[in-house]
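The values are calculated or read from the model by the stated rules, or taken from the named source; none is laboratory data. A quick note: this is a predicted structure, and the numbers were derived from the prediction, not measured. We place every Cβ from the backbone using ideal geometry, glycine too, and count neighbours over all the protein chains shown. For accessibility, only protein heavy atoms count, side chains too; no ligands or nucleic acids. Shrake-Rupley method; radii C 1.70, N 1.55, O 1.52, S 1.80 Å.
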Amino acid sequence: MDARCQHNAAFDNTAQPAACCPDWMAALPDALPLSRLSIPGTHDSLSLFGGRRLRCQSWGLEAQLAAGVRFLDVRCKLERGELRIYHLCTFQRVSLRGVLRCTLRFLRAHPGEAVLMRIKEELPFFPRPRFAARLQRCLLEESRGRLWCREEVPTLGQVRGKIVVLEALERAVLGIPYERLSISDAWNVLSLERKWARAQRHLDAAASGDPATMHLTFCSGNGLFTCPEDVARFVNPLCYQHLQRCSGQPMCWGVVILDFPGTGLLQLIIESNAPGTNGGVPDAPSTPQTPQRQRGRTLRVAPLGPVSPMLRAASRVSQQTSVQKCARRSCTALRHLYVTSV
């Protein structure tokens, strides 16, 4: 497969994704902890405005969720009593309430899914003392019981149809504490090669690490001599190649967080949870199946437009690399988890 097709599958700065995958979590067993899933996410998920120096995404929130994104990075500022979404000093033309309502509307339509949402105060050089209280009030008013605001990492069955809150507040716990997670976020990029090397090491650590620890790998970045789009053009295809080497095997890459992702890369992350024809995985036998679950038993890709050839089945690599050795260990762990979850 040529480099151009690979690039198009991994990087996309157009207005709409080439394909959608809105129900991929519905195919997975309830007993799986979120820490054992490979989850595609976006960095600064609502950053669509501000020019090349600030813009991190080209798809709106609804399009991201339909494409299979299940981790959202949401940055807020408290202005005149309202939590508004910002990237640095640029208002992104939406409020936190709007983000929550859109996400919960998606989850009502796709109750087998769950969305992780990191919520932080943007540019807290002088943290607003009322930010935490206002955030808590907003979450309570908008969630109507459909948020996971506990400290422990849940199983997928516990949070279907809900938003899982990840937060980093000093004096309040409104969700899973962000600092307790294993995070690679080298956002200040001086060298594209070093940026990818660090992300690659963390992806491999997620594949072979503690199954109870949630790993977040930011493949995104910015810098004095580069911008988010240029970093994504370089890193996303390398990430695609790295994950493709283990395609066809169950893997846990953790949460893979991207700028300008292509649907081919999202699909690789999704299908690593459920290798096989269309990524199908049976539910745990002890879990009663609902009509919604049955409709979502396979990871189907619904084309929204011309689909890149890269979305076809990726060829396996026969050489024994260190990544493949890691894959075998992860494969054994996941099989054990599937068996013990019955």
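Please check which bits of the stretch 218-251 a label hung off Ala197 would reach, taking the label as a point 7 Å along Cα-to-C-beta and the cut-off as backbone N under 17 Å.
235, 238-239
Using amide H atoms built in the peptide plane, which far-off residues or other-chain residues are under 5 Å from Val164 H to H?
Val115, Leu116, Met117, Trp148
Using the heavy atoms of the protein chains alone and a 1.4 angstrom probe, what is the accessible area of the stretch 81-207 per residue in square angstrom?
Per-residue value: 51 Å².
Need the full-extension length gain, Arg93 to Phe225, defined as separation in residues times 0.36 nm minus the C-alpha distance. One decimal, nm.
44.8 nm
Below 14 angstrom from the Cβ of Leu123, what's the summed charge of the other residues (Lys, Arg +1; Asp, Glu -1)?
Net local charge, Leu123 excluded: +1.
Ignoring ligands, DNA and RNA, what percent of the 1.4 Å accessible area of the stretch 96-155 is carbon and sulfur?
54
Would you please give the FRET efficiency between Asn13 and Thr213, computed as 1/(1 + (r/R0)^6) with r the Cβ-Cβ distance and R0 = 45 Å, to the nearest 0.05?
Calculated transfer efficiency: 0.85.
Among all the aspartates and glutamates, which ones have a C-alpha under 19 Å from Lys77's C-alpha, if same-chain residues fewer than 8 places away are not counted?
Straight-distance partners of Lys77: Asp44, Glu121, Glu122, Glu141, Glu142, Glu167, Glu170.
Report the label-to-label distance for Arg53 and Glu151 in nanometres (one decimal), using points 7 Å from each Cα along the Cα→Cβ vector.
Spacing of the two 7 Å Cα→Cβ label points: 4.1 nm.
Express the carbon and sulfur contribution to the solvent-accessible surface of the stretch 37-79 as a percent, rounded to the nearest whole number, probe 1.4 angstrom.
Ligands and nucleic acids excluded, carbon and sulfur give 55 percent.
Each label point is 7 Å from the Cα along the Cα-to-Cβ direction; what then is the distance between the points at Cys5 and Glu62, in nm?
Here the modelled spin labels are 3.3 nm apart.
Within straight cross-link reach of Lys195, meaning Cα distance under 16 Å, which aspartates and glutamates are found once same-chain residues fewer than 8 apart are removed?
Within the straight-line limit of under 16 Å, Lys195 reaches these aspartates and glutamates: Asp185, Asp204, Glu229, Asp230, Asp259.
In whole percent, what relative contact order does the stretch 166-262 give with Cα contacts below 8 Å and a gap of six or more residues?
Taking the mean separation of contacting Cα pairs over the length of the stretch 166-262, I get 30 percent.
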